1. Just one of the numbered conditions (1) β-branched (V, I, T); (2) open to solvent by less than 20 Å² (accessible area, probe 1.4 Å); (3) assigned to a helix (DSSP H, G or I) is not true of I430; which one?
2. Any idea how many residues of the stretch 449-480 are modelled with pLDDT under 95, open to solvent by 20 Å² or more (accessible area, probe 1.4 Å) and either under 17 Å from P396 (Cα atoms) or among the aromatic types (F, W, Y) (or both)?
3. Taking interchain pairs and intrachain pairs at least six residues apart, which have beta carbon atoms under 9 angstrom, with the first residue in the stretch 344-355 and over 15 Å from F304 (Cα atoms) and open to solvent by less than 70 Å² (accessible area, probe 1.4 Å) and the second of a type in the set (S, T, Y) and not in a helix (DSSP H, G or I)?
4. Scan the stretch 254-298 residue by residue and report those that are of a type in the set (S, T, Y) and over 21 Å from D460 (Cα atoms).
5. Just the residues that are open to solvent by 30 Å² or more (accessible area, probe 1.4 Å), aliphatic (A, V, I, L, M) and under 30 Å from P201 (Cα atoms), please, taken from the stretch 144-181.
6. Which of the residues that make up the stretch 356-374 are over 17 Å from A309 (Cα atoms) and assigned to a loop (DSSP other than H, G, I, E, B)?
7. Any residue at all in the stretch 401-413 that is within 28 Å of T318 (Cβ to Cβ), open to solvent by 80 Å² or more (accessible area, probe 1.4 Å) and outside any loop (DSSP other than H, G, I, E, B)?
8. State whether the residues of the stretch 248-258 include one that is open to solvent by 70 Å² or more (accessible area, probe 1.4 Å), out of contact with any helix residue (DSSP H, G or I) (no Cβ under 7 Å at 6 or more places or on another chain) and either of a type in the set (V, I, T) or modelled with pLDDT under 95 (or both).
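The values are calculated or read from the model by the stated rules, or taken from the named source; none is laboratory data. Predicted model, so just to flag it, every value in this text is computed and none were measured. Here Cβ is always computed from backbone atoms with ideal geometry, including for glycine, and neighbour counts include all displayed protein chains. Keep in mind that these areas ignore ligands, DNA and RNA; they rest on the heavy atoms of the full protein, side chains included. Shrake-Rupley method; radii C 1.70, N 1.55, O 1.52, S 1.80 Å.
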Amino acid sequence: MRALLSVYDKSGIVDLAKALHEVGVELVSSGGTAAVIAAADIPVLDVAELTGSPAMLGHRVVTLHPKVHGGILADRSDPSHLADMKKFGIDGIDIVVSNLYPFGADPSGFDHAQSASSEDLIDIGGPAMTRAAAKNHASVTVLVDPDDYELVLGELRDSGTTTAATRRSLARKAFAHTATYDAAIVTWFDQTDATTDDPLPPTIHLSLERAQDLRYGENPHQQGARYRVSGTSTWWDSVEQQAGMALSYLNLFDADAAWRLAHDYGDHPTVAIIKHANPCGLAIDDDLAQAYANAFACDPRSAFGGIVALNRIVDDATVEAIEGAAQADVIIAPGYGPGVVDRLIAKRKNTRLLVAKQPESTALSLRPLSGGYLVQESHNFASAPETWKIVTDRKPTDAEMRDAEIAWRTCGHVISNAIVLVKDGVAWGIGAGQQNRVESGEIAASKAAGRAAGGACASDAFYPFPDGIEAAAAAGVTVVVQPGGSVNDDKTIAKANELGLVMLFTGERQFRH
């Protein structure tokens, strides 16, 4: 029995080589892998000796040879294959151990990096050899993951071979490994293409790996898991759960939304409360405890069982406010002060307490569609407040402008149709997900209950008729921020002037579905 070893990740490779040698497997290798094995005084045959051809073209051609690929691909049950092997002096290769350089990582770790060109780091022989072994899994065992070494060694020790089920499982993993590698290269081409400014590539190649099993999916009868792009990590991978029950699909979905919302207002203590993907409370204050109290007060009924995100370490004053409020399913923060976790556990033993880093941005947003995906640039705010157009006679005060900015940014996180009423940094009224803008406005006004008087109203799309402006004025706000662009803009501006309101046009819509 013969094994060919050629790996970038050399974790456990010496122990594997030693164990293979001990069970009578002849070892073949090249380059850095061969050097590591030989340095451990383990007999190893260099690929150049096997093929009679040295590595060439700056190590681009090493294993691309009939004596390598013929030995891997030969069907040992096919007489014509056996005849060809005898005719051309090809010996079978029964085990292939190969994993690939993580394309896009630091090239200093690559054995044969001779230039700064990323193309020089694209492996050809490794994927070809890995795919060949996986294709012929009926006869060949392929290993791409050091975690599988002991499994194979155990079977070799027990019966002198591996089972068909193991070879098939490892072959699937090998094809996933090469698919991930190719996807990373395609992504690199898209990211470095200077010939186009199109943010949407002609094709998208995703390789995802399961990163976290969840308690269940959207509902208890559905299984759920979190996946990530293979070979990468996200801020979710660094999340630490301090207490509480296992996380579910919706816990992660809503916590992600809450965490992004809490970090969308600059360097100010901010608390966001999310329920069913929608904000039900948002407050900014110099004091975190007050910000929490205000966010909860926005909509106490909806906040029960919601997700609370705080962009500051939870201190004693804030935990006291949390203890006195309704139970949350999840609390996510950058940290907790001394004794805070114990206090929360004592009061809310089932609440999931998460510690997280700042959220990251992504270039593209993908959403499943029957038979495919909808793809767009990820959510962002294209216009800055200083570019907004003041279309009314009256100009905003500094306080009105600040509330308008907060209302607008909050509106961008609310499912459409969305109306948000803000006063003094608190989103007192949030109307979401209605089929018409009037009812969203009515919901927002009802929840605000007069607390937004003198503040700002934001609408995620233009007001088609003046009645929306009248409803905002009836809620007591003094400034309205909206995209503009309706054929009735002149009428809504006239109504705002008649009511003494400030109106701002952002020039951009913020629909969210």
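1. Result: I430 fails condition (3) only.
2. Residues meeting the conditions: 1.
3. Close Cβ pairs (under 9 Å, with a partner that is of a type in the set (S, T, Y) and not in a helix (DSSP H, G or I)) amount to L344/Y336; L344/T351; I345/T351; L353/Y336; V355/Y336.
4. So the first thing to find is which residues in the stretch 254-298 are of a type in the set (S, T, Y), and the list is 265, 270, 292.
Selection gives T270, Y292.
5. A176, A179 - these are the residues of the stretch 144-181 that are open to solvent by 30 Å² or more (accessible area, probe 1.4 Å), aliphatic (A, V, I, L, M) and under 30 Å from P201 (Cα atoms).
6. Our first condition is that a residue be over 17 Å from A309 (Cα atoms); within the stretch 356-374, this holds for 361-374.
Result: S361, T362, A363, S370, G371.
7. Yes - at least one qualifying residue is present in the stretch 401-413.
8. Quick first cut of the stretch 248-258, residues open to solvent by 70 Å² or more (accessible area, probe 1.4 Å) only: 249, 253.
Add one more test, that the residue is out of contact with any helix residue (DSSP H, G or I) (no Cβ under 7 Å at 6 or more places or on another chain), and what stays is 249, 253.
Filter again for either of a type in the set (V, I, T) or modelled with pLDDT under 95 (or both), leaving none.
Checked against the condition, which is being open to solvent by 70 Å² or more (accessible area, probe 1.4 Å), out of contact with any helix residue (DSSP H, G or I) (no Cβ under 7 Å at 6 or more places or on another chain) and either of a type in the set (V, I, T) or modelled with pLDDT under 95 (or both), the stretch 248-258 yields no hits at all.
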